[in-house]
Amino acid sequence: MSHTIQQIAAAIGAETAGDVTIVVDRAAEPASAGPEDLALAMTPNYGEALAQGKARAAILWPGADWRAMGLEAAVFAPRPRRAMAGLTALLDEGQGFAPGIHASAVIDPSAEIGARVSIGPFSVIGAHARIGPDSVIGPQCHVGAQAVLGEGAFLREMVSIGARVRIGARFIAQPGARIGADGFSFVTPEVSGVENVRKTLGDTGDAGAQSWVRIHSLGSVEIGDDVEVGANSTIDNGTIRATVLGNGTKLDNLVHVGHNTRVGHDCLLCGQVGVSGSVEIGNHVVLGGQVGVVDNIFIGDGVIAAGGTKILSNVPAGRVLMGYPAVRMQTHTEIYKAQRRLPRLLRDVAALKKAVFNPGSND
Amino acid sequence: MSHTIQQIAAAIGAETAGDVTIVVDRAAEPASAGPEDLALAMTPNYGEALAQGKARAAILWPGADWRAMGLEAAVFAPRPRRAMAGLTALLDEGQGFAPGIHASAVIDPSAEIGARVSIGPFSVIGAHARIGPDSVIGPQCHVGAQAVLGEGAFLREMVSIGARVRIGARFIAQPGARIGADGFSFVTPEVSGVENVRKTLGDTGDAGAQSWVRIHSLGSVEIGDDVEVGANSTIDNGTIRATVLGNGTKLDNLVHVGHNTRVGHDCLLCGQVGVSGSVEIGNHVVLGGQVGVVDNIFIGDGVIAAGGTKILSNVPAGRVLMGYPAVRMQTHTEIYKAQRRLPRLLRDVAALKKAVFNPGSND
Amino acid sequence: MSHTIQQIAAAIGAETAGDVTIVVDRAAEPASAGPEDLALAMTPNYGEALAQGKARAAILWPGADWRAMGLEAAVFAPRPRRAMAGLTALLDEGQGFAPGIHASAVIDPSAEIGARVSIGPFSVIGAHARIGPDSVIGPQCHVGAQAVLGEGAFLREMVSIGARVRIGARFIAQPGARIGADGFSFVTPEVSGVENVRKTLGDTGDAGAQSWVRIHSLGSVEIGDDVEVGANSTIDNGTIRATVLGNGTKLDNLVHVGHNTRVGHDCLLCGQVGVSGSVEIGNHVVLGGQVGVVDNIFIGDGVIAAGGTKILSNVPAGRVLMGYPAVRMQTHTEIYKAQRRLPRLLRDVAALKKAVFNPGSND
């Protein structure tokens, strides 16, 4: 995957200096870069490491003195991570999945497979499923009956998509992602202890011993365009209507989204986030790693929750959260500081009590 | 899947009114329901939405004035979620897995496959495995050597069941569920830092740098009747005896149950719950999403833990828990309220100290 | 898998007494052991249970009076769990995966398969992949293009290994483990609300509504010797260089390791641990269940974090942590005790305020 410096700069929309005809094979960290590598030194603190490597060309911070660093060519990146997006897209070697439909794949004759779709070995495509053009269905995948995948989907190995799931264009799913498992929804014949606890905030009441009866999922999952779902993440079917992920929303690995939940557009759900059922999440929401969201609440647009936050009640738009239970990040910081002073506070109050209520005591 | 109102009412044991010969194709939310849909408006706050839709028939709360809502037929649901169980079971279209045994499935000749079992493409059934009658083994599943599945099992795609696992009747496993992975059990040749920390509550002692030696899992997993395991959940093998899930227990997605742990009957383990090894969990226990349970403790019958609770010590029967570390839910609420007043409390105590110990100061 | 008492004692390096020619078939708990079982009673509190069982031979604590317990032979275990390692390795019946390469496996002609490798049905081996001798690739596995597995690897069913991943000797992967998914790395064209929050600790600033652009993973994953990865765990590819797991490190189920993160040697990451991207973890680190680690920090050698700890900043070597946010375990205990006294403290301070500032009041 060789590219000239000029090609790279054009792809990421950046300025250049020096010999832009130099050809590089891949990107590398500055210290370990060889003469065929493009060194990535996007902030001045990487400058020194450049000297340890052997790169002839580098992506540098704006204004860097590339000649003084012994380079023959430079690309300037005003917003380094933005440049990384373009650069890595250009240099990605991919997984090497073969084009075409593998002879072993089991494809229902009623399925509609778009132009230029590739399907890997041991993949299964169900009845009346539709797969958009230019999609790559990796090895050992499952696309259920009547499921719809838009154009340009890319499924890594062992992804499963349940019956009737509908997904927009350019969907990416990492290995083991599960779209359209049944929702976790059970009911007891009579009022259960859990229902009593929710009403009383702590009392199970006299709910007798009962068994759980299953509520089936009649809804499926609807996913917009440009969505990515991480490895081994799970998105459950809705009960009557669909569970929804909006356009441009990205899920990391091991994320759980419960039945009926609606996630807006351009959200990020980081690793191991768990969203219960029937949650309404707005647009541009960012949930850090291991965030949990209780069922039947809403989270407004632009909310950001730090890693580990447990969200137990509605959150207005724009709020920044932390803690268990979640509070505003500033409040959390105040509480946290106060907590660390708690042991001392206890001693202070003991001394005050003695001075005020028992001033004559000697011990 | 068309049904008359009469058929639906009979299936869920509910009363009716109006023209019970009306035929409906599926369930729908009141506002989006069409004339072939059965609208679900089980509480009065859905009444208004009914007017926006075009349903001719609906499931309504007891006493609802169905005629005034323009309906031609009504089913009355005294306990709405209970009615949902019956209704959704009736209307579930399923995954469309084909009957019969797919030609590509690899089934060991010594395996015993019951009557009317279906096995999907690319599934593997190991030596001496036994699959009960009327079971559906989805595509790309794995049932290990000597594993036993009772009658009426339903495995979605890509479920794996390890060697010697024993499962009762009517088991349901969502995609990617893993039953019978090896337990996570390692030991150092000499006493380790972790062992010292457990003894001293915080001191690693002088445990040197050691490598971990594996303790293999000789036990497997035993699962009762009517159990469901969610997508990508994992139940590990026991060390000597089996890890156990009792009858009627339900696990959501991404739940982890460690080696040797015994979960009683009719429990609910919600999304991303993690139970360590050698835990004894009673019956009718409900663990909310992301609850964690430390190893080697017991949790009594009927315990309910709110989402995010981390249970670090034994819990008597009937207790309702919250927090990290887990405390009674009422205690948690008290502590939480006090925490929010902490910053103010610190100021109050500072003022008191000044007034009591330094009354003449002016600053 | 029959063994004499002598063979077992030799395998675990233990002393014996009595008739060491007795043959046992498997290990069992003392109370349920039959005459062909080896009872495991490694501490005196199992002594009584032995009387309930029918074992002729047992592994006992040093100095136990085996004859008085009615046994005919005894093996003495000075460090019981260490003995379990040897014993369970000896008695492990395995998964029963057949030797040889299954006819259905799809193996690229350019892949290099070592001597005595077995590959299960429906497994896929990509172009230029290399699999070391004596490896067992279970059913329905995927080994990507140019991936390298050292000698003696053991992959359970449905494990997937991405392109260019490099793994050392004796690797063990439980079902559904995912090595080499793409990292979760996205950037907005302009500064995002998350970036502002990180700078200001709580303020999203005026970041407008933007969509996320993907940063591709050009790096892969490098794993040392003697590493084990649990069921449905996920290790992501690095961005430019590889994500790294050192020799002897063990991961439990549902663990997530983000892109670029480096984990040292001989670490334990327990169930559902989540490590973000670009974290540097030292050697001999133990992270309890559900621990979370924020991105771009380091954790020193020998650190131990109790279950549920959320690590939000750098941790020096040797520290023992607990809590959210993580503090020293001793500090956590102090804070926790003080918290439980908080409601009473509030009442005390109210009484003090009244006495000091409003002494004449009667209510």
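Computed values, structure above
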{"quantity": "Residue in the stretch C:174-185 that is more than 8 Å from chain A (Cβ to nearest Cβ) and surrounded by fewer than 24 Cβ atoms within 10 Å (Cβ to Cβ) present", "calculated": "no"}
{"quantity": "Sole exception among (1) at pLDDT 95 or above; (2) buried (at least 23 other Cβ atoms within 10 Å of the Cβ); (3) not polar (S, T, N, Q) for A:Trp212, by number", "calculated": "(2)"}
{"quantity": "Some residue of the stretch C:17-40 being basic (Lys, Arg) and within 13 Å of chain B (Cβ to nearest Cβ)", "calculated": "yes"}
{"quantity": "Test set (1) away from chain C (no Cβ under 11 Å); (2) closer than 27 Å to C:Asp348 by Cβ; (3) crowded, with 19+ Cβ neighbours inside 10 Å - B:Gln339 fails condition number", "calculated": "(1)"}
{"quantity": "Counted residues, the stretch A:155-166 - those being open to solvent by 10 Å² or more (accessible area, probe 1.4 Å) and in contact with a Gly (Cβ under 8 Å, 6 or more places away or on another chain)", "calculated": "1"}
{"quantity": "Flag for A:Leu254 being touching a residue at least 24 places away in the same chain (Cβ under 8 Å) and either more than 28 Å from B:Gly34 (Cα to Cα) or open to solvent by 10 Å² or more (accessible area, probe 1.4 Å) (or both)", "calculated": "yes"}
{"quantity": "Set B:Ala74, B:Ala57: member being within 30 Å of A:Ser211 (Cα to Cα), of a type in the set (A, V, I, L, M) and more than 30 Å from the chain's Cα centre (by Cα)", "calculated": "B:Ala74"}
{"quantity": "Residues that are part of a strand (DSSP E or B) and closer than 13 Å to C:Phe154 by Cβ, drawn from the stretch C:124-138", "calculated": "C:Ile131, C:Val136, C:Ile137"}
{"quantity": "Test: residue in the stretch C:270-281 that is out of contact with any His (no Cβ under 7 Å at 6 or more places or on another chain), within 21 Å of B:Val187 (Cβ to Cβ) and not hydrophobic (A, V, I, L, M, F, W, C)", "calculated": "no"}
{"quantity": "Qualifying residue in the stretch B:52-61 (condition: in contact with a Lys or Arg (Cβ under 7 Å, 6 or more places away or on another chain) and among the charged types (D, E, K, R))", "calculated": "no"}
{"quantity": "Residues of the stretch C:306-326 satisfying the condition of being facing chain B (nearest Cβ under 10 Å), part of a loop (DSSP other than H, G, I, E, B) and hydrophobic (A, V, I, L, M, F, W, C)", "calculated": "C:Ala306"}
{"quantity": "Selection within the stretch C:258-317 - in contact (Cβ under 8 Å) with a residue 60 or more places away in the chain and of a type in the set (S, T, N, Q)", "calculated": "C:Asn260"}
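Residue-by-condition table, conditions (1) crowded, with 24+ Cβ neighbours inside 10 Å; (2) not aliphatic (A, V, I, L, M):
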position: A:Val244; (1), (2): no, no
position: A:Thr249; (1), (2): yes, yes
position: A:His259; (1), (2): yes, yes
position: A:Val273; (1), (2): yes, no
position: A:Ser278; (1), (2): no, yes
position: A:Val285; (1), (2): yes, no
position: A:Asn296; (1), (2): no, yes
position: A:Gly307; (1), (2): yes, yes
position: A:Ala317; (1), (2): no, no
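The values are calculated or read from the model by the stated rules, or taken from the named source; none is laboratory data. Values in this document were obtained by computation on a predicted structure and should not be read as measured data. As a convention, Cβ positions derive from the backbone with ideal geometry for all residues, glycine included, and neighbour counts pool all protein chains shown. For accessibility, only protein heavy atoms count, side chains too; no ligands or nucleic acids. Shrake-Rupley method; radii C 1.70, N 1.55, O 1.52, S 1.80 Å.
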